[in-house]
Amino acid sequence: MASSGEIRVGTAGWSYKDWEGIFYPPGMSRRKHHPLALIARCFDVVEINTSFYGHIRPEIAKLWARIVTDTNPGFLFTAKLHRSFTHSPLSAMEPTSAVSIRPNDEDERLAREGLESLAATGKLGALLLQFPVSFKNTSLNREYLETLLRQFIEYPRVVEVRHSTWNNPETIVYFTERNVSFCNIDQPLLGRSLEPTAHVTSSVGYVRLHGRNYDQWFEAENCADRYNYLYKSNELDHWKQRIQNIAEKAKITFVVANNHFEAKAGVNALELKHGLTGCRVLAPEPLLRHYPELKAIADPLVEGVQGSSLPLLA
């Protein structure tokens, strides 16, 4: 059965030092071209990762929107809500819960300034509220989530929860009644981690692929190491089917690869885009050299040539 809604595939973030020379040409940081222009030629969405660590500055949001519009007019962003709203300040040392999350008025002011600026450009596709696995389905946490959802009600909201206690019919009804999207994730299944799902609870479908680096998920010396995972073809095929099922019910579906170590997210996002369209995709030449297996499905981008990426999936 053909998908009834759009599917947009992209990566979580674009500003990683280890992407230079792999996804971006060597010396990209010294060139006149912004990395986003290259991202927008390969994909039709990117998830803003930096907004989790620092609030988006309004002038930067406008710059980002202008860059992608010049390259790919249909391009969209999704954005992570700042961690002050979803994580304990000491999340590495204590569980995150309604008791330990402590956003203040300044956090809300700064978050709104950036989000409003981006939304005004017409480029904000969704707002992601990302909670850690320690945020369990308890009455206090549900009350906090209810407040947070109302706080940012003007945006298409997507909630990512990682603990299996949220995967039940009551949660699906709760999200559906509030027109909030349930984020379907792929992550290492450790303890009570949420298993892969295909829930659709609003007009927006959302999928995030974190990789399956079981050994280093909690023990990595460098936090980037946990995302050192390249999905195999059969693993992507399973998600391709889920994504198609989600897209049959959603108006628009965002698929975001977060296994960003050495641009592996770019590889898997391009493979998914090819698998969902059946069409060849465009890839940066450094990526094709670093991951030569991509040459079977991807053609090289010609540096300096403007233009959109492949048509939206439908």
*Is there a residue being assigned to a helix (DSSP H, G or I), modelled with pLDDT of 95 or more and either over 22 Å from the mean Cα position of the chain (by Cα) or not aliphatic (A, V, I, L, M) (or both) anywhere in the range 85-95?*
yes
*Can you name every residue in the range 247-266 that is among the hydrophobic types (A, V, I, L, M, F, W, C) and surrounded by fewer than 24 Cβ atoms within 10 Å (Cβ to Cβ)?*
Ala250, Ile252, Phe261
*Could you say which residue among Asn268, Asn184, Asn234 is over 24 Å from Ser139 (Cα atoms), touching a strand residue (DSSP E or B) at 6+ places or on another chain (Cβ under 6 Å) and at pLDDT 95 or above?*
Asn268
_Any residue at all in the range 64-86 that's buried (at least 23 other Cβ atoms within 10 Å of the Cβ), among the aromatic types (Phe, Trp, Tyr) and in contact with an Asp or Glu (Cβ under 7 Å, 6 or more places away or on another chain)?_
yes
*Read through the list (1) within 23 Å of Ala37 (Cα to Cα); (2) modelled with pLDDT of 95 or more, then give the number of the only condition that Ala247 fails.*
(1)
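The values are calculated or read from the model by the stated rules, or taken from the named source; none is laboratory data. Worth saying up front: this structure is predicted, and the values here are computed from it rather than measured. A quick note on method: Cβ atoms are made from the backbone with ideal geometry, for glycine too, and the neighbour counts reach across all protein chains shown.
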